[in-house]
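Notes for the one structure printed next.
The values are calculated or read from the model by the stated rules, or taken from the named source; none is laboratory data. All values derive from a computational prediction rather than experimental measurement. Heads up, the Cβs are rebuilt from the backbone with ideal geometry, glycines too, and the neighbour counts pull from every protein chain shown. SASA here: full protein model, heavy atoms, side chains in, ligands and nucleic acids out. Shrake-Rupley method; radii C 1.70, N 1.55, O 1.52, S 1.80 Å.
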Amino acid sequence: MNRRELMLLLGGAMTAGRALRAQQKAMPVVGYFNSTWPDPHAPFVAAFRQGLSETGYVEGQNVAIEYRWAEGHYDRLPALAADLVGHKVDVIATSGGDPSAFAAKRATSTIPIVSVIGGDPVAEGLVASLARPGGNLTGVSFLTRELMPKRLELLSDLVPQARVIALLVNPESPSTERVIQDLQEAARTKGLQFPIVKARTQSEIDTAFASLTQLHAGALVVQANPFFTSWREQLVALGSRHAVPAIYEGRGFVASGGLISYGASGEDVYHLVGVYAGKILKGAKPADLPVEQPTRFELVVNLKTAAALGLTVPPSILARADEVIE
């Protein structure tokens with residue numbers, strides 16, 4: 001091979017390399033950022049991917065997704081958010097509670113963020129307004145705090161003999177104190193005693209359930225929180241073991257053997273977050289995408305669990321149920 005042929009060969013290799021790098025860079029990257037664990041979150045990731053695909057983006061084909069999981073360690077959130085910013089992702093999708101959204105918002109003011117939001121994003125300072133979020137963050141709200149009094153009402157109707165109804169909360173959640181205040185007021189109007197039990201680890205969940213006997217609790221409201229969703233099998237098993245009627249936020253708890261749930265469909269919310277992420281990749285600005293709120297809420301009842309607890313589900317609840325598991 002003469003010198004001219006060698007230079008042509010090297011030049012061709014360099015051109016091909018630049019083309020490959022340009023092609024690789026052309027594939028947008030979504031940073032998926034969650035405060036919990038991958039396994040219990042899998043159905044929601046699938047719903048997110050489905051929403052993304054409906055806008056024309058399929059993971060591994062024309063979009064890459066970088067996943068970051070804090071596994072319940074809220075202190076890891078800032079570093080994980082900063083890592084995604086350092087990777088120069090095109091959009092960040094946060095879930096697993098509002099701490100994830102706040103960590104991403106603090107890490108960047110330029111990369112678009114679309115979030116699964118637990119409560120009121122305006123009151124919490126995440127966005128300027130629902131219709132015009134402003135800044136670089138928008139998303140979908142679960143209305144977790146707003147639906148908690150309704151859960152207490154449903155549980156009280158289902159277990160009318162219970163004069164002591166406990167509330168299980170995650171003290172790490174920024175909305176916990178407001179949830180407690182709202183429900184204490186609702187319990188007071190019903191003449192209920194309303195003790196609070198707290199858990200931020202798996203072992204503390206065990207301890208919380210063990211304390212219910214001493215508190216003479218006849219039923220339990222479980223706070224809508226990503227930590228509890230991650231350990232729903234443990235919660236449902238403890239509810240059965242201690243024979244405590246409990247209400248949860250989503251269908252997954254009841255499908256696993258829980259008594260009753262009321263809330264927005266998690267799959268619907270994550271699906272819409274995926275759609276929003278796709279719209280942003282196509283050029284939409286978070287400031288112009290209104291914060292969406294669920295329009296469909298599911299009431300699900302497990303009759304087998306009710307029978308095991310010695311409960312008769314009132315016809316009024318059965319008539320309103322979206323799904324009855326027998």
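Whole number please: convex hull volume per residue, Cα atoms of segment 27-66, in Å³. Cα-based convex hull of segment 27-66, divided per residue, equals 64 Å³. Note on segment 191-326: the C-alpha convex hull projects to 10.5 nm² when averaged across all orientations.
For a straight C-alpha distance cut-off of 21 angstrom, the lysines reachable from LYS279 (same-chain residues fewer than eight places away being disregarded) are LYS25, LYS88, LYS105. Computing Rg and the Kirkwood Rh from the Cα coordinates of segment 49-165 gives a ratio, Rg/Rh, of 1.09.
Projecting the Cα atoms of ALA219, GLN202, ASN170 onto the charge dipole of segment 163-262, computed from C-beta unit charges around the Cα centre, puts ALA219 farthest toward the positive end.
When you restrict to C-alpha pairs under 8 Å that are six or more residues apart and normalise by the size of segment 67-133, the relative contact order lands at 27 percent. Helices in the chain, meaning DSSP H runs of at least 4 residues, each add -39500 (n - 2.57). Divided by all residues, the mean residue ellipticity at 222 nm is -14500 deg cm²/dmol. A Gaussian network model of the chain, with springs between Cα atoms under 10 Å, assigns the largest mean-square fluctuation among VAL127, VAL222, VAL313 to VAL313. Between THR213 and ARG76, the modelled labels are 3.5 nm apart [label points 7 Å from Cα along Cα→Cβ].
Sequentially through segment 157-165, phi angles give Karplus couplings (6.51, -1.76, 1.60; θ = phi - 60°) of 5, 6, 10, x, 6, 7, 9, 10, 10 Hz, Gly and Pro residues having no value and appearing as x.
Compute, for segment 277-321, the length of the dipole vector about the Cα centre, with Cβ point charges of +1 (Lys, Arg) and -1 (Asp, Glu) only. Units Debye, rounded to 20.
120 debye
Of all beta bridges that DSSP places with both ends in the chain, some 10 percent have antiparallel geometry. Note: relative contact order over the chain, using C-alpha pairs below 8 Å and six or more positions apart, is 20 percent.
When only the Cβ of Lys, Arg, Asp and Glu is charged (+1, +1, -1, -1), the dipole of segment 26-183 relative to its Cα centre reaches about 180 debye.
Among the protein heavy atoms, those of THR110 account for about 110 Å² of accessible surface (1.4 Å probe, every chain in place).
Just need the Rg to Rh number for segment 194-269, please, alpha carbons only, Kirkwood Rh.
In segment 194-269, Rg relative to Rh is 0.94.
TYR67 exposes around 60 Å² of accessible area when a 1.4 Å probe is run over every protein chain in place. A cut-off of 5 Å between modelled amide H atoms, ignoring neighbours fewer than 5 places along the same chain, links GLU298 with GLY263, ALA264, SER265. Dipole size of the chain about its Cα centre, with +1 on Lys/Arg Cβ and -1 on Asp/Glu Cβ: approximately 820 debye, rounded to the nearest 20. Volume per residue of the convex hull around the Cα atoms, evaluated for segment 148-199, comes out as 66 Å³.
Where both bridge residues fall in segment 185-326, DSSP classifies roughly 40% of the beta bridges as antiparallel. Could you run the Debye sum over the Cα atoms of the chain, one equal point scatterer each and no solvent, and tell me log10 of I(q)/I(0) at q = 0.07, 0.12, 0.14 Å⁻¹, two decimals? So the normalised log intensities are -0.33, -0.82, -1.05.
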